[in-house]
Amino acid sequence: MHMHAVAKVVLILTNFAFIGGGGLLIWLGIKTRDIHWSEIFYSGAPADISTSATDLIALGATVIVIALFGLFGAVCQNRCVLTLYSIFVVLGLVVFVAVAVLGFMSASKAHSWTSKRYPVERAEQRVAERFNQAYCYAEGGRFCITASVSDAIETFFPSVGGGAAAPFKAVGIDVDAKTGLLGLCDQVDAKLESVPSLAKVVPKPFKKACAMCKQVNATVGDFRGLFDWIDAKCPLTRSTAQWCGKFVLTQDNPTSGPEEGSPYTQCRKAALVSWKGFGTQVGFGGVVLATLSLFLIGLSCNAARQDDGYTTII
């Protein structure tokens with residue numbers, strides 16, 4: 001009787017640990033979705049393991065539901081529920097082993113790329129393309145919305161030269177305002193009627209740049225997680241800012257070689273280290289959950305065989 005009570009308590013506590021593991025998977029899924037690793041490393045990982053932000057969240061929720069099922073069976077001492085629970089945990093074990101293997105394979109690929117020249121394979125070119133796009137849209141929020149008008153002009157229109165802001169200032173535009181290019185667009189629109197000569201000052205791609213910044217402004221919230229990563233791991237440089245300004249205007253994203261100034265060229269090592277870290281976290285998470293699954297299978301099968309107090313009716 002005493003051993004039966006101990007087994008029941010251990011089963012309950014282990015299921016709480018299982019709930020914690022499910023919560024960890026949900027956290028990993030939310031983290032990778034917010035930083036956009038899912039989209040960036042879509043083509044670089046084995047079996048597209050890095051596309052699994054939504055899958056990790058769904059898997060974590062499933063783990064929690066299974067654990068609650070096991071808690072119900074243990075607390076209510078229901079043999080049928082525990083038997084069904086054991087079947088679910090066996091299926092979960094297979095999934096967790098697969099997640100662990102794919103996670104470590106993904107981390108291994110990121111590690112191997114780090115020590116080789118770009119591009120290691122065609123998949124890395126696709127990764128670079130997605131990274132450049134995500135990086136520039138994240139940083140686009142800075143120059144479209146919060147940077148000084150003069151910095152925004154220099155970023156989006158580098159061909160005009162270092163004094164690009166002077167003609168705008170001469171007609172009364174506040175080039176020091178921290179409103180980004182969108183602020184400049186609003187100022188120009190407000191002054192065009194009263195200052196017709198302003199039309200000769202604005203660069204040719206000005207209207208296109210304003211339209212692109214409006215688009216970036218609509219999506220900048222989606223990239224706030226990546227924006228934080230950029231500030232911490234690979235801050236914007238002058239050359240990268242100008243590369244992104246050109247990209248936002250032209251959507252030209254060459255990835256055939258290590259183009260100077262491109263975000264992926266500047267941030268390749270930091271990005272691959274982060275990818276490796278994510279893959280390793282997923283791998284170890286799979287190992288922990290697989291180990292817990294084995295333990296739970298043994299406990300639930302042992303509890304289901306007990307004659308003491310267990311019913312066979314759901």
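Only the coordinates and a few stated rules stand behind these numbers; no lab work does. Just so we're clear, the structure is a prediction, and the values are computed from it rather than from any experiment. Ideal geometry is used to build each Cβ from the backbone, glycine not excepted, and the neighbour counts take in all protein chains shown.
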_Please list, in order along the stretch 119-134, the HN-Hα scalar couplings obtained from phi with the Karplus expression 6.51 cos²θ - 1.76 cosθ + 1.60 (θ = phi - 60°), rounded to whole Hz, x for Gly and Pro._
x, 5, 7, 4, 4, 5, 5, 5, 4, 4, 4, 5, 5, 4, 5, 5
*Given the pairs 204/233; 31/214; 169/207, which span a C-alpha to C-alpha distance of over 25 angstrom in this model?*
204/233; 31/214
*³J(HN,Hα) across the stretch 291-296 via Karplus (A = 6.51, B = -1.76, C = 1.60, θ = phi - 60°), whole Hz, x for Gly/Pro?*
5, 4, 4, 4, 4, 5
*Any chance you could run the full-extension gain for residue 55 through residue 166? It's 0.36 nm times the residue separation minus the Cα-Cα distance, nm to one decimal.*
34.8 nm
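Estimate the FRET efficiency between residue 146 and residue 232 by the formula 1/(1 + (r/R0)^6), using the beta-carbon distance for r and 22 Å for R0, to the nearest 0.05.
Values: r = 18 Å, r/R0 = 0.81.
For residue 146 and residue 232, the calculated efficiency is 0.80.
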*Taking amide H positions as placed in the peptide plane 1.01 Å from N, state which residues far from residue 179 in sequence (5 or more) or on other chains have amide H under 5 Å from it.*
149
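At a Förster radius of 41 Å, what calculated FRET efficiency corresponds to the Cβ-Cβ distance of residue 75 and residue 30, to the nearest 0.05?
Working: r = 30 Å, r/R0 = 0.73.
Here the calculated transfer efficiency is 0.85.
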*Could you calculate the contour length gain from residue 208 to residue 13, that is, 0.36 nm times the residue separation minus the distance between their Cα atoms, to one decimal place in nm?*
64.2 nm
*Please check which bits of the stretch 93-118 a label hung off residue 273 would reach, taking the label as a point 7 Å along Cα-to-C-beta and the cut-off as backbone N under 14 Å.*
111, 114-115
*Contour excess over end-to-end distance, with Cα ends at residue 116 and residue 176 and 0.36 nm allotted per residue*: 17.2 nm
